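Below you'll find the structure, written out as structure tokens, and then a few comments.
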Amino acid sequence: MFSGSGFNRKLNALFFKLNQVLSTFLHSHCVHPPLMTQVLSAMSSVNAQEPALDRSHRLDLFIRLALGIAFALAAGFYIRSGIGEFCKMDFTHLQPHEVTRALSIVVIGLYTLLIACIYVVRLRPVSRGVGFLPSAAAVLGGFLMAALLFLSPREDLPMGVRIFACGLVVLGNAFAIIILLQLGRSFSILPEGRRLVTRGPYSVVRHPLYLAEAVATLGIVITFLSPWALLLIVVQLGLQIVRIHYEEAVLKEHFPEYEDYAKHTWRLIPGIY
């Protein structure tokens with residue numbers, strides 16, 4: 001067992017190593033310099049404020065840095081893969097499906113990189129979902145579609161369908177980037193309240209990020225089209241609806257103005273739901 005001071009020393013050392021790794025990655029790959037500056041500034045402030053941090057705060061910082069690094073590594077993989085696809089192209093005989101495929105991979109990488117940056121500088125939660133089910137719905141709703149990696153993409157799809165599918169991925173992730181920039185430091189995967197955002201796309205839809213992700217997910221499912229892929233997206237969409245209800249319960253509890261905000265906005269799809 002660690003003593004309190006021993007635990008803090010070990011956690012401080014781990015923070016320092018995580019800071020070094022993420023700083024190096026962001027300097028090499030970050031495409032949004034102002035956000036990178038904010039990220040690195042926040043990381044530096046961790047060491048400056050360490051004596052005043054309690055254990056829960058330290059663990060929160062550890063989780064943010066660890067997940068930030070995980071998303072940054074995933075982003076690097078996608079961006080490198082997408083650029084590799086572009087490098088293999090014969091630009092004298094460009095094929096539309098090859099361009100949209102490479103572009104879709106790069107945009108996924110940029111969206112993932114933005115998540116990595118925001119995860120490090122996001123605000124501490126002021127309210128959280130209670131119990132196992134809210135967190136389980138959030139994690140499964142957010143990452144269940146990764147199971148598509150166990151399936152093989154369809155190589156027999158018509159050219160137009162392949163272009164359409166990749167176009168959905170590009171469009172969905174591009175909108176997700178715009179929405180995530182609007183959401184900023186209030187971003188969270190788990191049902192947590194940080195700051196109520198009601199401007200931009202949030203003035204029309206309460207969960208526009210999930211709508212953008214659903215558009216991108218539909219494109220990916222078409223690429224892997226099969227009964228298993230269809231089953232996954234149905235289950236994932238169901239989990240996202242459950243996730244939304246848990247999130248709204250958390251926001252209603254801490255932000256009294258949420259009830260009035262909800263009366264003037266759509267939950268997910270404008271004019272429908």
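The values are calculated or read from the model by the stated rules, or taken from the named source; none is laboratory data. Being a predicted model, the structure only gives us computed values, none of them experimental. Because the Cβ atoms are built from the backbone with ideal geometry, glycine has one as well, and the counts that use them run over all protein chains shown.
Please indicate, with yes or no, whether at least one residue in the range 258-273 is modelled with pLDDT of 95 or more, closer than 23 Å to Leu123 by Cβ and in a loop (DSSP other than H, G, I, E, B).
Checked against the condition, which is being modelled with pLDDT of 95 or more, closer than 23 Å to Leu123 by Cβ and in a loop (DSSP other than H, G, I, E, B), the range 258-273 yields at least one hit.
Assuming His254 fulfils every condition listed in (1) modelled with pLDDT under 95; (2) out of contact with any Lys or Arg (no Cβ under 7 Å at 6 or more places or on another chain); (3) within 14 Å of His207 (Cα to Cα) apart from one, which condition is it?
Against the list (1) modelled with pLDDT under 95; (2) out of contact with any Lys or Arg (no Cβ under 7 Å at 6 or more places or on another chain); (3) within 14 Å of His207 (Cα to Cα), His254 comes up short only on (3).
Within the group Ile108, Ile115, which residue is modelled with pLDDT of 95 or more and under 25 Å from Phe164 (Cβ atoms)?
After applying the criteria, what remains is Ile108.
Answer yes or no: is there a residue in the range 196-209 that is hydrophobic (A, V, I, L, M, F, W, C), part of a helix (DSSP H, G or I) and crowded, with 16+ Cβ neighbours inside 10 Å.
Scanning the range 196-209 turns up at least one residue that is hydrophobic (A, V, I, L, M, F, W, C), part of a helix (DSSP H, G or I) and crowded, with 16+ Cβ neighbours inside 10 Å.
Scan the range 53-81 and report the pairs whose first residue is farther than 17 Å from Gly142 by Cβ and modelled with pLDDT under 90 and whose second residue is part of a helix (DSSP H, G or I) and aromatic (Phe, Trp, Tyr), with Cβ atoms within less than 8 Å and a gap of 6+ or a chain change.
Filtered contacts from the range 53-81: Arg55/Phe7; Arg58/Phe15; Leu61/Phe15; Phe62/Phe15; Leu65/Phe15.
Here are some residues: Pro227, Pro208, Pro201, Pro191. Which one is under 15 Å from the mean Cα position of the chain (by Cα) and either over 24 Å from Gly68 (Cα atoms) or modelled with pLDDT under 95 (or both)?
Just one listed residue meets the conditions, Pro191.
I'd like to check something: does the range 109-127 contain any residue that is farther than 30 Å from Leu196 by Cβ, touching a Phe, Trp or Tyr at 6+ places or on another chain (Cβ under 9 Å) and among the hydrophobic types (A, V, I, L, M, F, W, C)?
Scanning the range 109-127, I find no residue that is farther than 30 Å from Leu196 by Cβ, touching a Phe, Trp or Tyr at 6+ places or on another chain (Cβ under 9 Å) and among the hydrophobic types (A, V, I, L, M, F, W, C), so the answer is no.
With (1) modelled with pLDDT under 95; (2) touching a Phe, Trp or Tyr at 6+ places or on another chain (Cβ under 6 Å); (3) farther than 26 Å from Tyr258 by Cα as the list, and Met145 as the residue in question, which single condition is left unmet?
Failed condition: (2).
If Ser226 meets every condition in (1) crowded, with 19+ Cβ neighbours inside 10 Å; (2) in contact with a Leu (Cβ under 7 Å, 6 or more places away or on another chain); (3) among the hydroxyl-bearing types (Ser, Thr, Tyr) apart from one, which number is that one?
So the condition that Ser226 fails would be (1).
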